[in-house]
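A.B. asks: Shown below is the structure under consideration.
The values are calculated or read from the model by the stated rules, or taken from the named source; none is laboratory data. A quick note: this is a predicted structure, and the numbers were derived from the prediction, not measured. Positions of Cβ are generated from backbone atoms using ideal geometry, with glycine treated the same way; all protein chains shown enter the neighbour counts.
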Amino acid sequence: MKLSKYIMLAIGLLVAVSSARAVTFDFTSDHCTGGCGTPPFGTVTLTQDGTSVDFTVSIAPNIWAKTGSTDFELFKFNATGILLSDISVDQTFAGETLAAEQAAVPGGFNGDGTGDFTFGIACTTCKNGNTGITSDITFTVANSSIADFTAGNNLGIIFVADIFSNETGNTGPVDVTGGGTNTPDSGTTAALLGLGMASLAGLRARFGRK
């Protein structure tokens, strides 16, 4: 194998390592009328997938709610340098339709004291109030990095979800205000890193003798 091929292989594997990143945030702040119970109320996981970011928003065993307290958005977030057309939403709610939405003006989604947001994921066909749905919301944002989504808004809040609490039976927003934690990736990153380092070692062994 020529030197250039070794270099390209090693670089490719190490780039793959750098893109195999995930960060998980907990919903811990409670804005439910009467309280939502014991936090955390769910999680948001952001995974860097090449030049895109994959979102998984989970609130089970709590239930998604659709109310004016979150501008009738199930999930709200902000983003830097992102267009609405960059967002692709998976249809994970059986029999219903999920869609990405953008506020008419920046920060225009600002219901119930959780600050200003520009983007949201809505269920356009769900009934208002308790939707009866616990499924994860998953979507992908093209041309982005995790850092594009993790700055706090004007109140320091990063993400908001609207839930019906499985514990208390109350409804309202819950939010993320703290930093996330790195999520284990079942050894994928370590394996890629090992392959990359092995390639570099092979390169050194083969061409270092000449």
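A.B. asks: Looking at segment 164-183 only, could you name the residues that are surrounded by fewer than 16 Cβ atoms within 10 Å (Cβ to Cβ) and modelled with pLDDT under 95?
C.D. replies: Those that are surrounded by fewer than 16 Cβ atoms within 10 Å (Cβ to Cβ) and modelled with pLDDT under 95: 178, 179, 181, 182, 183.
A.B. asks: Continuing with the same structure: Does residue 138 satisfy the condition of being part of a strand (DSSP E or B), hydroxyl-bearing (Ser, Thr, Tyr) and in contact (Cβ under 8 Å) with a residue 60 or more places away in the chain?
C.D. replies: Against the criterion (part of a strand (DSSP E or B), hydroxyl-bearing (Ser, Thr, Tyr) and in contact (Cβ under 8 Å) with a residue 60 or more places away in the chain), residue 138 qualifies.
A.B. asks: Among 118, 125, 97, which is the only one that is polar (S, T, N, Q), surrounded by 19 or more Cβ atoms within 10 Å (Cβ to Cβ), modelled with pLDDT of 95 or more and more than 18 Å from residue 25 (Cα to Cα)?
C.D. replies: Testing whether each residue is polar (S, T, N, Q), surrounded by 19 or more Cβ atoms within 10 Å (Cβ to Cβ), modelled with pLDDT of 95 or more and more than 18 Å from residue 25 (Cα to Cα) leaves just 118.
A.B. asks: Restricting the search to segment 101-148, which residues are among the acidic types (Asp, Glu) and under 15 Å from the mean Cα position of the chain (by Cα)?
C.D. replies: Hits for segment 101-148 are 136, 148.
A.B. asks: Quick check: anything in segment 57-66 in contact (Cβ under 8 Å) with a residue 24 or more places away in the chain and under 15 Å from residue 150 (Cα atoms)?
C.D. replies: Yes, because at least one residue in segment 57-66 is in contact (Cβ under 8 Å) with a residue 24 or more places away in the chain and under 15 Å from residue 150 (Cα atoms).
A.B. asks: Checking the condition of a type outside the set (Val, Ile, Thr), part of a strand (DSSP E or B) and either under 22 Å from residue 167 (Cα atoms) or without any contact (Cβ under 8 Å) to a residue 40 or more places away in the chain (or both), which residue from 122, 99, 104 passes?
C.D. replies: Matching residue, one of 122, 99, 104: 99.
A.B. asks: If you check residue 53 against the conditions, is it touching a residue at least 24 places away in the same chain (Cβ under 8 Å), surrounded by 20 or more Cβ atoms within 10 Å (Cβ to Cβ), touching a Leu at 6+ places or on another chain (Cβ under 8 Å) and in a strand (DSSP E or B)?
C.D. replies: For residue 53, the condition - touching a residue at least 24 places away in the same chain (Cβ under 8 Å), surrounded by 20 or more Cβ atoms within 10 Å (Cβ to Cβ), touching a Leu at 6+ places or on another chain (Cβ under 8 Å) and in a strand (DSSP E or B) - is met.
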